[in-house]
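Heads up: the structure comes next, in structure tokens.
Since every read-out is calculated from the coordinates, none of them should be taken as a lab result. In this text the structure is predicted, and so the values were computed from the model without any measurement. Backbone-built Cβ (ideal geometry, glycine too); neighbour counts: all protein chains shown.
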Amino acid sequence: MAKIAVIYWSGTGNTETMANAVVEGINEAGGTAELFQVSDFDKATLGDYEAFALGCPAMGSEELEYDEFQPFWDDTKELYGDRKVVLFGSYEWADGEWMETWRADADAAGVNVVDTLIVYDAPDAEGEASAQVLGAKLV
Ligand SMILES: Cc1cc2nc3c(=O)[nH]c(=O)nc-3n(C[C@H](O)[C@H](O)[C@H](O)COP(=O)(O)O)c2cc1C
């Protein structure tokens, strides 16, 4: 059974809601999801997982959260190899440019990004369903 890490940062809970839905989607598709706040994830265990869902909202000025998530991303982006990765997060002020930048950075690092998902503000039922579908793509 595919062991999949869902690793996220969330300030006000919107990306956390998405992360929980991603976990549901993985588990319903037959995978085994493990959920981590980024500050709790031990990078030394990266090799233990077959796929990854990474979540971070738009912060700064169309950027990843700079204190915890950006350093995590910078440290790990060369390490995913050909394992499947999805990127997700919530935004509110603009139109999702941070995700385009994140995706381009992932592509440049050779990350196997199978899909991305952005949701405006707090996910509604449709947003949560989309996050479940996203998670299932990793299984
Ligand atoms: C410091 C700060 C910076 C933000 N920068 C952006 C931004 O550049 N673009 C945007 O669309 N939303 C921005 N937002 C809005 C958040 O992305 C939005 O509130 C999101 O839902 C927060 O997700 P979370 O609940 O997972 O923390 C910012 C919010 C904060 C607090």
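To the nearest 20 debye, what charge dipole does the range 72-139 have about its Cα centre, counting +1 at the Cβ of each Lys and Arg and -1 at the Cβ of each Asp and Glu?
About 400 debye.
Please compute the modelled spin-label separation between GLU92 and THR12, points set 7 Å along Cα→Cβ, answer in nm with one decimal.
In this crude spin-label approximation the distance works out to 0.1 nm.
According to a simple spin-label model (label point 7 Å from Cα along Cα-to-Cβ), what is the distance in nm between ASN112 and GLN37?
About 3.1 nm separates the two model spin labels.
I'd like the distance separating the alpha-carbon centroids of the range 107-129 and the range 22-69, in whole Å.
Here the answer is 12 Å between Cα centres.
Extension gain GLU63-GLU28, at 0.36 nm per residue separation less the Cα-Cα distance, in nm?
Values: separation 35, 0.36 × 35 = 12.60 nm, distance 3.16 nm.
Contour length minus Cα-Cα distance gives 9.4 nm.
To the nearest 20 debye, what is the magnitude of the charge dipole of the chain about its Cα centre, counting +1 on the Cβ of each Lys and Arg and -1 on the Cβ of each Asp and Glu?
In total the dipole reaches around 560 debye.
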